[in-house]
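What follows is one structure encoded as structure tokens, with my remarks underneath.
The values are calculated or read from the model by the stated rules, or taken from the named source; none is laboratory data. All values reported here derive from a predicted model rather than from experimental measurement. No Cβ is skipped: glycine too gets one built from the backbone with ideal geometry, and neighbour counts run over all protein chains shown. Just the protein is used for accessible areas: all its heavy atoms, side chains included, with ligands, DNA and RNA removed. Shrake-Rupley method; radii C 1.70, N 1.55, O 1.52, S 1.80 Å.
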Amino acid sequence: MESGMELQAEHLCKSYGKKEALRDVNFKLEQGVYGLLGENGAGKSTLMRILTTVDFPSGGSVFCGGKNIFQMDEYYRGLIGYMPQDYSVYPGFTATDFLNYMGTLKGIPADRLKAKIPEVLEFVNLSDVANKKVRTFSGGMKRRIGIAQAILNDPEILILDEPTAGLDPKERIRFSNILSNMAKEKIILLSTHIVSDIEAIANQLIMINRGEITETGNVDDLVQRVAGKVWEATVTQDMMNYVNAERAVIHIKQAGKGIQVRFVGEPFSDTLCKPVIPTLEDYYIYVNENKKE
């Protein structure tokens with residue numbers, strides 16, 4: 001990867017008619033894995049389509065190594081790998097045929113493709129099904145072939161939109177390991193609405209809500225902001241109603257005749273509250289729900 005390679009968004013805006021999908025978005029990406037976290041409809045896909053030049057901003061700019069990406073044209077597209085959210089794989093192709101087809105579209109010479117395809121299939125653990133039809137693949141395998149096509153051109157910037165949607169826990173771990181192996185020399189940006197995915201995969205967080213960036217930073221540093229504020233307690237139903245109204249509740253479950261609740265905020269003096277180690281989910285809910293303290 002070129003030293004000092006960075007992707008920078010400055011005052012990005014995007015409107016569809018009267019709807020503002022992105023509003024004054026600013027951030028800088030360097031080597032590493034960034035998680036773009038936000039609810040469905042927050043603007044994640046719109047932002048990713050702009051970063052991959054599939055869509056144009058209504059205002060603002062994106063720079064790669066100081067140059068405007070929309071003026072770099074094919075050179076920039078050669079630097080990126082992209083896996084859109086509604087990623088579809090042609091079911092009649094074998095894995096090898098599909099990658100051959102995608103590589104040809106990307107303008108990769110045939111001899112280079114011949115060497116590269118087995119390499120990327122090995123990397124995403126699909127070598128053993130290289131000649132199987134994609135229609136026989138599980139959801140997780142289709143996601144992995146999606147990554148394989150995204151990295152065929154040795155991209156320096158990898159952009160993955162909701163890549164873990166529909167994956168089972170085992171596939172998530174495998175996916176996370178694949179990305180970790182690539183993170184040393186790439187900028188990787190993945191979007192999700194699943195907080196635990198960010199914690200497992202990314203070391204940097206960009207939080208987006210209603211088209212605006214609300215938080216950026218190192219995942220561990222952000223989690224530390226709620227250290228000493230996360231508690232578990234077993235309460236009655238009446239007390240539970242009070243906790244719900246007064247604190248950011250993370251989750252609840254039945255515990256015998258009581259209710260076990262995990263919440264962020266100050267402990268209750270008349271209830272036995274046990275401090276617990278905070279997670280990114282605790283932080284995310286704490287900052288997204290109106291702080292009820």
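When the chain is treated as a Gaussian network with alpha carbon springs shorter than 10 Å, the biggest mean-square fluctuation among Asp238, Asp97, Asp86 belongs to Asp238.
Taking all protein chains in place and a 1.4 Å probe, what share, in percent, of the accessible surface of the chain do carbon and sulfur account for? Walk me through the intermediate numbers first.
Details: 7020 of 14520 Å².
The C+S portion of the solvent-accessible surface of the chain is 48 percent.
Once C-alpha pairs closer than 8 Å and six or more residues apart are averaged by separation and normalised to the residue number of the range 62-175, the relative contact order reads 38 percent.
The largest accessible area among Lys142, Lys253, Lys186 belongs to the first residue in Lys253, Lys142, Lys186, and the rest follow in falling order (1.4 Å probe, all chains).
If you sort Cys13, Cys273 by accessible surface, 1.4 Å probe, largest first, the order is Cys13, Cys273.
For the chain, a Gaussian network of Cα nodes joined below 10 Å ranks Ile213, Ile108, Ile147 by mean-square fluctuation, and the top entry is Ile108. Rounded to the nearest 0.05, the FRET efficiency derived from the C-beta distance between Gln260 and Asp111 at R0 = 51 Å is 0.25. When the surface is traced with a 1.4 Å probe over the full set of protein chains, Glu122 keeps roughly 120 Å² accessible.
Using the Cβ-Cβ distance between Glu232 and Thr53 with R0 = 45 Å, the FRET efficiency computed as 1/(1 + (r/R0)^6) comes to roughly 0.45. Taking the three principal axes of the alpha carbon atoms in the range 1-137, the coordinate ranges are 46, 34, 24 Å, sorted in descending order.
Calculated FRET efficiency, Lys19 and Asp221, Cβ-Cβ r, R0 35 Å, to nearest 0.05? Show your work: numbers first, answer last.
Working: r = 33 Å, r/R0 = 0.96.
My answer for the efficiency is 0.55.
For the chain, the dipole from Cβ point charges (+1 on Lys and Arg, -1 on Asp and Glu) about the Cα centre works out to 760 debye, to the nearest 20.
For the range 124-227, would you read off the P(r) tail past 23 Å as a percentage of all alpha carbon pairs?
Numbers: 1736 of 5356 pairs.
It works out to 32 percent of all Cα pairs.
Sequence-distant contacts, meaning Cα pairs under 8 Å at least 6 residues apart, place the relative contact order of the chain at 21 percent. Relative contact order of the range 168-251: 16 percent, from C-alpha pairs under 8 Å at least 6 residues apart in sequence.
What does the net charge come to around Arg23 if you take all other residues with beta carbon closer than 10 Å to its beta carbon, with K and R at +1 and D and E at -1?
On the way: positive: Lys14, Arg210; negative: Glu20, Asp24, Glu212.
Local net charge: -1.
For the range 226-293, the residue among Tyr283, Ala245, Thr234 whose Cα projects farthest onto the positive side of the dipole built from Cβ charges is Thr234.
On full extension, the segment bounded by Lys170 and His193 gains 6.4 nm, given 0.36 nm per residue less the C-alpha separation. Over the residues of the chain, the helix contribution to mean residue ellipticity at 222 nm works out to -10000 deg cm²/dmol, using -39500 (n - 2.57) for each DSSP H run of at least 4.
Model label sites at Asn26 and Ser180, defined 7 Å from Cα along the beta-carbon direction, differ in position by 3.5 nm. For the range 53-129, the fraction of C-alpha pairs more than 18 angstrom apart is 55%. Ordered from highest to lowest accessible area with the whole protein assembly present and a 1.4 Å probe, Tyr286, Tyr101 read as Tyr101, Tyr286. Each label was represented as a point 7 Å from its Cα along the Cα-to-Cβ direction; for Lys132 and His251 these points are 3.1 nm apart. Of the listed pairs Lys18/Lys44; Lys67/Lys116; Lys19/Lys44; Lys28/Lys67; Lys142/Lys170, which have alpha-carbon separations greater than 20 Å here? Distance filter (> 20 Å) returns Lys67/Lys116. Placing unit charges on the Cβ atoms of the charged side chains and taking the dipole of the chain about its Cα centre, the candidate lying farthest along the positive direction among Phe63, Phe27, Ile145 is Ile145.
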